[in-house]
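Enquirer: Before anything else, here's the structure in question.
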Ligand SMILES: Nc1ncnc2c1ncn2[C@@H]1O[C@H](COP(=O)(O)OP(=O)(O)OP(=O)(O)O)[C@@H](O)[C@H]1O
Ligand SMILES: [Mg+2]
């Protein structure tokens, strides 16, 4: 194996007001390796990447590229040096087409004009490589977060030259996309690229990476050969104390309420072009899972129930009352809560503080004139910062300054604060570290035990199986079945989804 | 020393500091160049002087800028305020002949409200670009005001009405109290109800706020409605001050000063956070600048130019990017 070091950072420190994000961190990337960067939420992974690529100016330390000291001032400069990066918060232009997004800033030209044909053809070829079948002429906003993430990756892969950095690229991808991404990563590695890969999925780390560097609280813990490090050791390094997997799974003893009163019923609820009419009911204190691949209609169903999208057929009944028309305000009045999958677009209000983000939904329910006193707001905020272990110097910090996983926790806090009767969780643990993930799953079960109903959507089948007492399986926007009790196993569900193909014919791609 | 720099850093972060510094610099300049600028006089139980003039003449602008702050927080803009002001003033003076004062004031405010709702409807409900939507009322507004005045400058000699713009209370011009009242009301509305939170959330991220159960459209309508009422109030003050209604010239270009005041006050045109205190400081700066230029005796024809230059300087100093590159280049020089 080629041991040549292409990118080396040493003694890197970086502080933000009130936070020491990195202190004396070292990191070395070899040629032709896939190197995982691991750590809890807020450990400093993204900050390190941003320092390496010139988004943030470092306070101390040195960066060397193939032995030569570099000091990029902007991502563009880093790119020119051959470091191409997909940041955690994907920065694309939703109203440009997929192809334009891939070629933005470097459009192919013909006689001075943009050569659309070449651009589109090249984009198709690139996405083909990632086994992604989308219309590159469509605006990007037309597609799901997962597709957008793949487009960002395709772009980065295309411009990469020596080094590719991927910050949580797989957080919203399905198993199949992940495997095509890994195929490409392995190929690039063969070609001699050095790849930095951040993820909270341990399995993925063991599947593709060669070495692992662990950060904790902004400090360098160590670098290890992936093969020689067990999962338990890895997580123990990350959290700084002994950890074993059974601990995390404990508390998953769930009760299965069957006699509970029905809280919500959907009767042939559907919307043309988005979801085939579907029947479902949720009991009080029940955790109902929605499984299916990307674009199978999971999120669409959640949006119909919460009234973000308007159903064009079917009925929705909550606590025995049939509702003629649904919109988020009403849903909240009826005791619903909804954490959306797209944190940046539909979740956080970046400019506001953690406190303001947390009280937003509760205040919306109370209305304009029953303003929650500041003291009370602070109390609520502190309560959830402690409960969910949100890593921040104070509740008055701008939410934009939090790490991705901690932002996700704030959105969860927003809805917990409303003390909902039914909580719809669309990818609630996206981007959340191993330890907190287990805690949140436990929290979900605890909530259910107090009589709150939960509708959970997750690309991680394991998560759904662990939390839910019943699972509805969707495919191609159709409900293809339901599992509960004994048959509620990952392989059973996968099989159902696969078989669905035979029953319902070919899928129409993972678009939309 | 460390404490001092930390304090300096904190202050720099405060949006309010820039307009206040600008005012201080301007006053310092005046102190050196035109010391008589600060002369105050006590005549017939009233206080007179440039400083009082700034407050008095700035009152309509303050009121309009307060409304403007709200729509800019929404990532919007309202360029029709000058025209709305003209309509309200014209209506008030016209009605004065045959109706009691309270009805006249009520009519002025109501027409402002209606104009605001109209703008709000175009922007929030129909999704028209704020600049284009309010352009409609900007152009036809003056026409409507013309219709009301019958194409002439209406005058009035109603004493009670004139008190609004010309009267004194506790030795100070009455409009100052109106501006103070509008500020306090808006400030209370922002901080004692959830309106501030909702507007900042909806202005910052409309989709996310809708998911959280806020109705951005209602919030935006409200912001435009308040702006309309503010323009209505300003219209009454201005027409009362000159005891006449001039459909063509009342409040001409005031929207530009108001937008400028808001931006100098630290509210971003991209929406989100808004700073009412900053807006007041911004308005006072602009008004003080205008008054100073007049007392300097600058040629009327070049007044706008001087104003533009000063405003450009203030905006540049305010810009993080500019400040940083400036500081950086200074550091580099120091290193050499
Ligand atoms: N712009 C900023 N201003 C202030 N603090 C920041 C800023 N960016 C990051 N931080 C803080 O620095 C710390 C490290 O954040 P970072 O985003 O690097 O974490 P991370 O390891 O990527 O976590 P995650 O797994 O959640 O993405 C966090 O405590 C975060 O709050
Ligand atoms: Mg991160």
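Residue-wise test of (1) surrounded by 24 or more Cβ atoms within 10 Å (Cβ to Cβ); (2) within 16 Å of ligand 1 (Cβ to nearest atom); (3) farther than 26 Å from residue A:331 by Cβ.
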position: A:424; (1), (2), (3): yes, no, no
position: A:429; (1), (2), (3): yes, yes, no
position: A:443; (1), (2), (3): no, no, no
position: A:456; (1), (2), (3): yes, no, no
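Enquirer: May I pose another question? Looking at the structure I just gave you, is residue B:209 more than 14 Å from chain A (Cβ to nearest Cβ) and part of a helix (DSSP H, G or I)? Step through it out loud before you land on a result.
Expert: Values: more than 14 Å from chain A (Cβ to nearest Cβ): no; part of a helix (DSSP H, G or I): yes.
In short, no.
Enquirer: Of the residues A:52, A:29, A:48, which is out of contact with any helix residue (DSSP H, G or I) (no Cβ under 8 Å at 6 or more places or on another chain), within 19 Å of residue A:161 (Cβ to Cβ) and surrounded by 20 or more Cβ atoms within 10 Å (Cβ to Cβ)?
Expert: Values: A:52 fails: out of contact with any helix residue (DSSP H, G or I) (no Cβ under 8 Å at 6 or more places or on another chain); A:48 fails: within 19 Å of residue A:161 (Cβ to Cβ).
Step by step, each of A:52, A:29, A:48 is checked, and only A:29 is out of contact with any helix residue (DSSP H, G or I) (no Cβ under 8 Å at 6 or more places or on another chain), within 19 Å of residue A:161 (Cβ to Cβ) and surrounded by 20 or more Cβ atoms within 10 Å (Cβ to Cβ).
Enquirer: Does the range B:153-171 include one or more residues that are assigned to a helix (DSSP H, G or I) and under 30 Å from residue A:308 (Cα atoms)?
Expert: Initial filter on the range B:153-171 (assigned to a helix (DSSP H, G or I)): B:159-166.
Keeping just the survivors that are under 30 Å from residue A:308 (Cα atoms) gives none.
Within the range B:153-171, none of the residues are assigned to a helix (DSSP H, G or I) and under 30 Å from residue A:308 (Cα atoms).
Enquirer: Could you please let me know if residue A:124 is surrounded by 14 or more Cβ atoms within 10 Å (Cβ to Cβ) and either outside any loop (DSSP other than H, G, I, E, B) or outside the structural domain of residue A:46 (by TED's automatic domain parsing) (or both)? If you could, list the steps in order and put the result at the bottom.
Expert: On the way: surrounded by 14 or more Cβ atoms within 10 Å (Cβ to Cβ): yes; either outside any loop (DSSP other than H, G, I, E, B) or outside the structural domain of residue A:46 (by TED's automatic domain parsing) (or both): yes.
Spelling it out, residue A:124 is indeed surrounded by 14 or more Cβ atoms within 10 Å (Cβ to Cβ) and either outside any loop (DSSP other than H, G, I, E, B) or outside the structural domain of residue A:46 (by TED's automatic domain parsing) (or both).
Let's see how each residue does on (1) outside any helix (DSSP H, G or I); (2) closer than 24 Å to residue A:50 by Cα; (3) in contact with a strand residue (DSSP E or B) (Cβ under 6 Å, 6 or more places away or on another chain):
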| site | (1), (2), (3) |
| --- | --- |
| A:363 | no, no, no |
| A:368 | yes, no, no |
| A:372 | yes, no, no |
| A:375 | no, no, no |
| A:383 | no, no, no |
| A:390 | yes, yes, no |
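Enquirer: Can you go through A:349, A:345 and tell me which one is within 30 Å of residue A:93 (Cβ to Cβ), within 13 Å of another protein chain (Cβ to nearest Cβ) and surrounded by fewer than 22 Cβ atoms within 10 Å (Cβ to Cβ)?
Expert: Answer to the selection: A:345.
Enquirer: Another question, if that's okay. Given the structure, is residue B:225 in a helix (DSSP H, G or I), within 14 Å of chain A (Cβ to nearest Cβ) and touching a helix residue (DSSP H, G or I) at 6+ places or on another chain (Cβ under 6 Å)? Even if it seems obvious, please write down each step before you answer.
Expert: Working: in a helix (DSSP H, G or I): yes; within 14 Å of chain A (Cβ to nearest Cβ): yes; touching a helix residue (DSSP H, G or I) at 6+ places or on another chain (Cβ under 6 Å): yes.
Here the answer is yes, as residue B:225 does meet what is asked.
Enquirer: Consider residue A:188 carefully, then state whether it is within 15 Å of ligand 2 (Cβ to nearest atom) and over 22 Å from residue A:438 (Cα atoms). Walk me through how you get there before you give the answer.
Expert: Working: within 15 Å of ligand 2 (Cβ to nearest atom): no; over 22 Å from residue A:438 (Cα atoms): yes.
So residue A:188 fails the test.
Enquirer: Pairs needed: first member in the range A:414-442, not assigned by TED's automatic domain parsing to the domain that holds residue A:365; second member anywhere, within 16 Å of ligand 2 (Cβ to nearest atom) and outside any helix (DSSP H, G or I); C-beta distance under 6 Å; at least 6 residues apart or different chains.
Expert: Qualifying pairs under 6 Å: A:430/A:171; A:431/A:168; A:431/A:171; A:433/A:40; A:433/A:41; A:433/A:200; A:437/A:429; A:440/A:429.
Enquirer: Tell me whether the range A:150-160 contains one or more residues that are farther than 24 Å from residue A:182 by Cα, in contact with a helix residue (DSSP H, G or I) (Cβ under 7 Å, 6 or more places away or on another chain), surrounded by 15 or more Cβ atoms within 10 Å (Cβ to Cβ) and outside the structural domain of residue A:399 (by TED's automatic domain parsing).
Expert: Filtering the range A:150-160 down to residues farther than 24 Å from residue A:182 by Cα leaves none.
Taking every residue of the range A:150-160 in turn, none turns out to be farther than 24 Å from residue A:182 by Cα, in contact with a helix residue (DSSP H, G or I) (Cβ under 7 Å, 6 or more places away or on another chain), surrounded by 15 or more Cβ atoms within 10 Å (Cβ to Cβ) and outside the structural domain of residue A:399 (by TED's automatic domain parsing).
Enquirer: Related question: Say we look at the range A:362-378 and pick out the residues that are without any contact (Cβ under 8 Å) to a residue 12 or more places away in the chain, touching a helix residue (DSSP H, G or I) at 6+ places or on another chain (Cβ under 9 Å) and more than 7 Å from every other protein chain (Cβ to nearest Cβ); which of these is farthest from residue A:393 (Cα to Cα)?
Expert: Among those residues, the one meeting the criterion is A:370.
Enquirer: Is it true that some residue in the range A:398-409 is more than 16 Å from ligand 2 (Cβ to nearest atom) and surrounded by 19 or more Cβ atoms within 10 Å (Cβ to Cβ)?
Expert: No, every residue in the range A:398-409 fails to be more than 16 Å from ligand 2 (Cβ to nearest atom) and surrounded by 19 or more Cβ atoms within 10 Å (Cβ to Cβ).
Enquirer: Moving on to the next point. Answer yes if at least one residue in the range A:307-326 is within 14 Å of another protein chain (Cβ to nearest Cβ), part of a helix (DSSP H, G or I) and crowded, with 18+ Cβ neighbours inside 10 Å, and no otherwise.
Expert: Checking the range A:307-326: not a single residue is within 14 Å of another protein chain (Cβ to nearest Cβ), part of a helix (DSSP H, G or I) and crowded, with 18+ Cβ neighbours inside 10 Å.
Enquirer: Taking the stated definitions as given, is residue A:81 under 22 Å from the mean Cα position of the chain (by Cα) and either modelled with pLDDT under 95 or within 27 Å of residue A:184 (Cα to Cα) (or both)?
Expert: Values: under 22 Å from the mean Cα position of the chain (by Cα): no; either modelled with pLDDT under 95 or within 27 Å of residue A:184 (Cα to Cα) (or both): yes.
No: the conditions fail for residue A:81.
Enquirer: Suppose the filter is part of a helix (DSSP H, G or I) and over 22 Å from residue A:100 (Cβ atoms); does residue A:150 pass it?
Expert: On the way: part of a helix (DSSP H, G or I): yes; over 22 Å from residue A:100 (Cβ atoms): no.
No: the conditions fail for residue A:150.
Enquirer: Another question, then. Please count how many residues of the range A:352-361 are facing chain B (nearest Cβ under 9 Å) and over 12 Å from residue A:306 (Cβ atoms).
Expert: Residues in the range A:352-361 being facing chain B (nearest Cβ under 9 Å) and over 12 Å from residue A:306 (Cβ atoms): 5 in total.
Enquirer: Which one of B:239, B:244 is buried (at least 24 other Cβ atoms within 10 Å of the Cβ), more than 9 Å from chain A (Cβ to nearest Cβ) and in contact with a strand residue (DSSP E or B) (Cβ under 7 Å, 6 or more places away or on another chain)? So that I can check it myself, show each step before the final result.
Expert: Working: B:244 fails: buried (at least 24 other Cβ atoms within 10 Å of the Cβ).
None of the other options fit; the residue is B:239.
Enquirer: Looking at A:110, A:73 in this structure, which one is more than 24 Å from residue A:402 (Cβ to Cβ), more than 16 Å from ligand 2 (Cβ to nearest atom) and within 14 Å of chain B (Cβ to nearest Cβ)?
Expert: A:73
Enquirer: Test residue A:335 against the stated conditions and say whether it is at positive phi, more than 10 Å from every other protein chain (Cβ to nearest Cβ) and under 26 Å from the mean Cα position of the chain (by Cα). Give the steps one after another, and end with the answer.
Expert: Values: at positive phi: yes; more than 10 Å from every other protein chain (Cβ to nearest Cβ): yes; under 26 Å from the mean Cα position of the chain (by Cα): yes.
Judged against the criteria, residue A:335 is a match.
The values are calculated or read from the model by the stated rules, or taken from the named source; none is laboratory data. Here the structure is a predicted model, which is why all the values come from computation and not from measurement. With ideal geometry, Cβ positions are generated from the backbone for all residues, glycine too; neighbour counts draw on all protein chains shown.
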